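The values are calculated or read from the model by the stated rules, or taken from the named source; none is laboratory data. Quantities reported herein were computed from a predicted structural model and do not represent experimental measurements. Glycine gets a Cβ as well: all are built from the backbone with ideal geometry, and neighbour counts include every protein chain shown.
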Amino acid sequence: MQTKIGFEVHLQLKTERKLYCDCPTNYAEVPPNTNVCPICTGMPGAKPMVPNRAAVEAAVEISLMLGCCIQTGKPLYIQRKHYDYPDLPSGYQRTSVPLAVEGSLEGVRIREVHLEEDPGQYDPVSGSVDFNRSGIPLVEIVTEPDLRSPEEARRFLRLLTRVLEYTGKVRPEAGGAMRVDVNVSLEGGGRVEVKNINSVKGVYRALKFELQRQAERLRRGEKVKRETRAYLESQMITVPMRMKEFEEDYRYIPDPDLPPLFLEEEWVEEIRKRMVEPPHLREKRLVEEYGIPPSAARVITSERELADLFERVAKEVNPSFAADWFRTKLKKVLNYLGLRAGEVKFSVEQFLSLLKMVEGGRISREQGELVLRELVRKPREPEEILIELGLLPLEEEELGELIERVLEENEGAVEDYLRGREEALNFLTGKVLKASRGRADPREVVKRLRERLEERRGKD
Ligand SMILES: [Zn+2]
């Protein structure tokens with residue numbers, strides 16, 4: 001049975017001002033209904049301002065990252081999409097005709113990209129509406145129904161949000177600012193749209209549920225009717241929506257208060273020149289250019305700042321060694337402290353000098369991780385951290401003395417080893433490590449101990 005899944009993904013654009021007025025956009029940080037004016041509350045007679053250029057630019061950059069063809073040189077109308085809901089005082093939401101069409105991302109076709117405005121937030125329990133969010137710019141990305149399973153859909157959405165976050169022009173998905181409408185159908189059944197899901201996980205669960213529901217109906221010989229459903233997060237199910245919504249019901253008309261947009265070819269080319277490299281392409285380049293495994297490249301390109309840091313250090317230390325550190329240690333420490341790479345304050349030089357200490361064998365990997373944790377928590381010279389943590393590596397001589405002392409104090413274990421009991425070596429290693437208070441490198445200790453013991457065997 002052929003499964004078809006497509007998306008309409010809405011993400012808030014990260015601008016200082018709203019789309020059609022000068023109100024600020026930090027809606028979550030201020031009391032309800034404070035970032036408002038007659039325009040974004042849809043007061044009668046209030047006229048919108050021309051669209052915020054930063055928002056238009058962000059939508060164009062995102063379209064370019066998705067390989068879309070920008071609709072330059074023709075009038076792009078802002079339309080009124082009519083529907084009635086308490087969060088929408090004017091009775092319509094403004095949405096542009098496609099600014100860009102026919103892109104693709106990893107084999108999934110992007111049909112079109114629109115610029116929209118967010119409505120307010122209605123609380124059905126208290127009946128109150130907060131209009132702080134009303135008028136925040138949104139980008140809407142519409143895909144063709146090219147996805148075939150919930151797993152594929154989840155992978156694609158993760159990639160898409162990674163691409164969008166890379167531009168630095170959208171609010172992170174993690175902040176709950178993403179809303180996805182999913183359309184899903186099975187061969188022989190009608191197309192069902194599930195609206196307003198706000199996380200990648202939610203999309204995956206809604207699809208799992210919906211596909212099972214549709215397959216079950218078809219199996220029993222029943223029809224799957226074309227309809228719009230809602231996803232209930234708390235129960236992980238979809239239910240029919242009371243409000244029937246189909247394209248023709250929106251009564252689209254061009255907004256008579258707004259002149260159409262014109263995107264100039266030259267301006268688009270300027271944006272293309274200065275935009276960042278999309279992560280999925282960067283991932284491939286890192287594999288080819290630095291010879292690192294694809295799994296490491298994926299982790300490294302998960303955040304732009306992480307990839308930038310990698311490319312700076314990979315010129316000075318072995319790239320495979322660095323990649324392994326990013327994938328295991330750095331990512332682990334960041335997750336542990338709940339930080340994003342962009343929030344890390346240490347300098348490239350500080351991080352590099354730590355990597356060199358480990359690469360050169362001056363400290364062990366385990367010690368390196370301890371230093372890294374401190375470095376992320378409170379940036380300073382790794383050398384200082386080593387002293388503070390009492391991890392300053394043992395000098396050659398000091399280690400030699402420790403080993404001699406342990407051998408003297410543990411004659412029994414030495415005898416055991418010479419009689420062929422390998423585990424005696426582990427015991428002695430443990431003693432040396434303990435005596436060094438963790439400053440000695442275990443591999444080095446084993447090597448030196450074995451040498452000394454073999455010398456003894458030679459003499460006996
Ligand atoms: Zn306003």
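Scanning region 108-146 for residues being within 16 Å of the ligand (Cβ to nearest atom), in a loop (DSSP other than H, G, I, E, B) and not basic (Lys, Arg) gives a total of 8.
Within region 357-373, being under 13 Å from ASN318 (Cα atoms) and touching a Pro at 6+ places or on another chain (Cβ under 9 Å) holds for one residue alone: MET357. Going residue by residue through region 148-161, is there one that turns out to be modelled with pLDDT under 85 and either closer than 29 Å to GLU303 by Cα or assigned to a helix (DSSP H, G or I) (or both)? Scanning region 148-161, I find no residue that is modelled with pLDDT under 85 and either closer than 29 Å to GLU303 by Cα or assigned to a helix (DSSP H, G or I) (or both), so the answer is no.
Which members of region 293-316 meet the condition of being over 15 Å from ARG162 (Cβ atoms) and surrounded by 19 or more Cβ atoms within 10 Å (Cβ to Cβ)? Of everything in region 293-316, those that are over 15 Å from ARG162 (Cβ atoms) and surrounded by 19 or more Cβ atoms within 10 Å (Cβ to Cβ) turn out to be ALA296, LEU309, PHE310, VAL313, ALA314. Annotation: LEU418 fulfils all but one of (1) surrounded by 13 or more Cβ atoms within 10 Å (Cβ to Cβ); (2) under 22 Å from GLY438 (Cβ atoms); the unmet one is (2). Considering LYS208, LYS225, the condition of being surrounded by fewer than 22 Cβ atoms within 10 Å (Cβ to Cβ), away from the ligand (no atom under 16 Å from the Cβ) and either β-branched (Val, Ile, Thr) or at pLDDT below 85 (or both) is satisfied by LYS225 alone. Scan region 382-404 and tell me whether some residue there is more than 47 Å from the chain's Cα centre (by Cα) and surrounded by 20 or more Cβ atoms within 10 Å (Cβ to Cβ). There is at least one residue in region 382-404 that is more than 47 Å from the chain's Cα centre (by Cα) and surrounded by 20 or more Cβ atoms within 10 Å (Cβ to Cβ).
Picking from residues in region 1-27 that are over 21 Å from the mean Cα position of the chain (by Cα) and among the hydrophobic types (A, V, I, L, M, F, W, C), the one that is farthest from the ligand (Cβ to nearest atom) is MET1.
Could you tell me whether any residue of region 60-80 is within 16 Å of the ligand (Cβ to nearest atom) and of a type in the set (Asp, Glu)? No, region 60-80 contains no residue that is within 16 Å of the ligand (Cβ to nearest atom) and of a type in the set (Asp, Glu). The set of residues in region 7-42 being in a loop (DSSP other than H, G, I, E, B) and free of Cβ contacts under 8 Å to residues at least 40 places away in the same chain consists of GLU16, ASP22, ASN26, PRO31, CYS37, PRO38.
Being out of contact with any Lys or Arg (no Cβ under 9 Å at 6 or more places or on another chain), surrounded by 15 or more Cβ atoms within 10 Å (Cβ to Cβ) and either among the hydrophobic types (A, V, I, L, M, F, W, C) or not in a loop (DSSP other than H, G, I, E, B) (or both) holds for only one residue in VAL50, VAL56, and it is VAL56. Scanning region 48-59 for residues that are within 15 Å of the ligand (Cβ to nearest atom) and within 31 Å of the chain's Cα centre (by Cα) gives PRO51, ASN52, ALA55. The residue that is modelled with the highest pLDDT, counting only those in region 392-414 that are charged (D, E, K, R) and more than 17 Å from GLY430 (Cα to Cα), is GLU397.
Of these, ARG340, ARG377, which one is at pLDDT below 90, of a type outside the set (Phe, Trp, Tyr), under 30 Å from GLU165 (Cα atoms) and in contact with an Asp or Glu (Cβ under 8 Å, 6 or more places away or on another chain)? Walk me through how you get there before you give the answer.
Working: ARG377 fails: in contact with an Asp or Glu (Cβ under 8 Å, 6 or more places away or on another chain).
So the residue among ARG340, ARG377 that is at pLDDT below 90, of a type outside the set (Phe, Trp, Tyr), under 30 Å from GLU165 (Cα atoms) and in contact with an Asp or Glu (Cβ under 8 Å, 6 or more places away or on another chain) is ARG340.
Scanning region 28-47 for residues that are of a type in the set (Val, Ile, Thr) and either crowded, with 23+ Cβ neighbours inside 10 Å or more than 9 Å from the ligand (Cβ to nearest atom) (or both) returns VAL30, THR34.
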